[in-house]
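Some notes on the structure that comes next.
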Amino acid sequence: MSPSVRPTQLPLQGPPPTQNAPGNSSLAPRALNYLNVRTGFSTAAAVAVLGGGICFLPDVMWRGILGSVVAALAIISLCIELPWLNRKEVQSCSYTVTPDFVYISRGWLWRRSTTIPTAQILNVEIVQGPLLRMFDVVSVRFTCISEVEALRPLEWSAAELARTTVLLTRAEPLE
């Protein structure tokens, strides 16, 4: 993976990378920690909701069986997703932002890459919820006419560089 873009670095010029090729920048160094905590919270919430629902079953035998299944699935999820799947997700996500385009590539099993010409980007939004704030990272959302493409988690400096690059290009008069 390429190192993250530093705010003093100028964006690259030229054509977008070929389909499914990695971008020139990677996610924030704290991205793996953020994903691990988010996975832990999601698993805990799912176990709480399912466990609460199981408690209302009238048959005690089914409560025990379904409770064991939920517990086993939670343990399997945490043992596979935290150490392996989240790491693969972070390693396989990269991006490139230039005055001409935004390129985002992600996924290691099902590879997905998106190239958005800056002329089609209507807005660039930087969002930081409580969990993102805890890790001092942000989410950048590129809004187009047809959809919104999110890129997260990024450091503030990389997010501001992406936002500034796209919005300054949009502000330039067409010739």
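The values are calculated or read from the model by the stated rules, or taken from the named source; none is laboratory data. As the structure is a computational prediction, the values presented were derived from the model and not from experiment. We place every Cβ from the backbone using ideal geometry, glycine too, and count neighbours over all the protein chains shown. Each accessible area value is taken on the protein alone, full model and side chains, heavy atoms only, with ligands, DNA and RNA left out. Shrake-Rupley method; radii C 1.70, N 1.55, O 1.52, S 1.80 Å.
Can we say TRP62 is part of a helix (DSSP H, G or I), open to solvent by 90 Å² or more (accessible area, probe 1.4 Å), under 30 Å from SER25 (Cβ atoms) and free of Cβ contacts under 8 Å to residues at least 24 places away in the same chain?
So TRP62 fails the test.
Is one or more of the residues making up region 89-100 at negative phi, assigned to a helix (DSSP H, G or I) and not hydrophobic (A, V, I, L, M, F, W, C)? Lay out the reasoning, then the answer.
At the first step, the residues of region 89-100 found to be at negative phi are 89-100.
From the residues that got through so far, the ones that are assigned to a helix (DSSP H, G or I) too are 89-91.
Right, trim to not hydrophobic (A, V, I, L, M, F, W, C) and you get 89, 91.
The answer is yes; a qualifying residue exists.
Quick check on this structure: which one of LEU151, LEU131 is modelled with pLDDT of 90 or more, outside any loop (DSSP other than H, G, I, E, B) and open to solvent by less than 60 Å² (accessible area, probe 1.4 Å)?
Checking each option against the conditions leaves just LEU131.
For region 49-59, which residues satisfy the criterion of being assigned to a helix (DSSP H, G or I), open to solvent by 80 Å² or more (accessible area, probe 1.4 Å) and not β-branched (Val, Ile, Thr)?
LEU50, CYS55 - these are the residues of region 49-59 that are assigned to a helix (DSSP H, G or I), open to solvent by 80 Å² or more (accessible area, probe 1.4 Å) and not β-branched (Val, Ile, Thr).
Give the residue that is least open to solvent (accessible area, probe 1.4 Å), with candidates limited to residues of region 67-97 that are in contact with a helix residue (DSSP H, G or I) (Cβ under 7 Å, 6 or more places away or on another chain) and touching a residue at least 40 places away in the same chain (Cβ under 8 Å).
Restricting attention to region 67-97, the residues satisfying the condition of being in contact with a helix residue (DSSP H, G or I) (Cβ under 7 Å, 6 or more places away or on another chain) are 67, 70, 74, 77-78, 81-82, 86-87, 89-90, 97.
This time we only want the ones that are touching a residue at least 40 places away in the same chain (Cβ under 8 Å), so: 81-82, 86-87, 89-90, 97.
Working: GLU81: 60, LEU82: 50, ASN86: 3, ARG87: 113, GLU89: 83, VAL90: 28, VAL97: 21 Å².
Going through the qualifying residues, I end up with ASN86.
Need the failing condition index for TRP62 against (1) within 16 Å of the chain's Cα centre (by Cα); (2) among the aromatic types (Phe, Trp, Tyr); (3) at pLDDT 90 or above, just the number.
(1)
Answer yes or no as to whether LEU50 is within 28 Å of PHE135 (Cβ to Cβ) and modelled with pLDDT of 90 or more. Break it down stepwise before answering.
Values: within 28 Å of PHE135 (Cβ to Cβ): yes; modelled with pLDDT of 90 or more: yes.
Answer is yes for this residue.
For region 15-43, which residues satisfy the criterion of being hydroxyl-bearing (Ser, Thr, Tyr) and open to solvent by 40 Å² or more (accessible area, probe 1.4 Å)?
THR18, SER42
In region 112-123, is there at least one residue being under 24 Å from ARG30 (Cα atoms), among the basic types (Lys, Arg) and modelled with pLDDT of 90 or more?
no
Given the conditions (1) at pLDDT 90 or above; (2) of a type outside the set (A, V, I, L, M); (3) over 15 Å from the mean Cα position of the chain (by Cα); (4) buried (at least 18 other Cβ atoms within 10 Å of the Cβ), which single one is not true for THR165?
The one condition THR165 does not meet is (1).
Quick check on SER113: is it free of Cβ contacts under 8 Å to residues at least 40 places away in the same chain and either open to solvent by less than 60 Å² (accessible area, probe 1.4 Å) or at positive phi (or both)?
It is false that SER113 is free of Cβ contacts under 8 Å to residues at least 40 places away in the same chain and either open to solvent by less than 60 Å² (accessible area, probe 1.4 Å) or at positive phi (or both).
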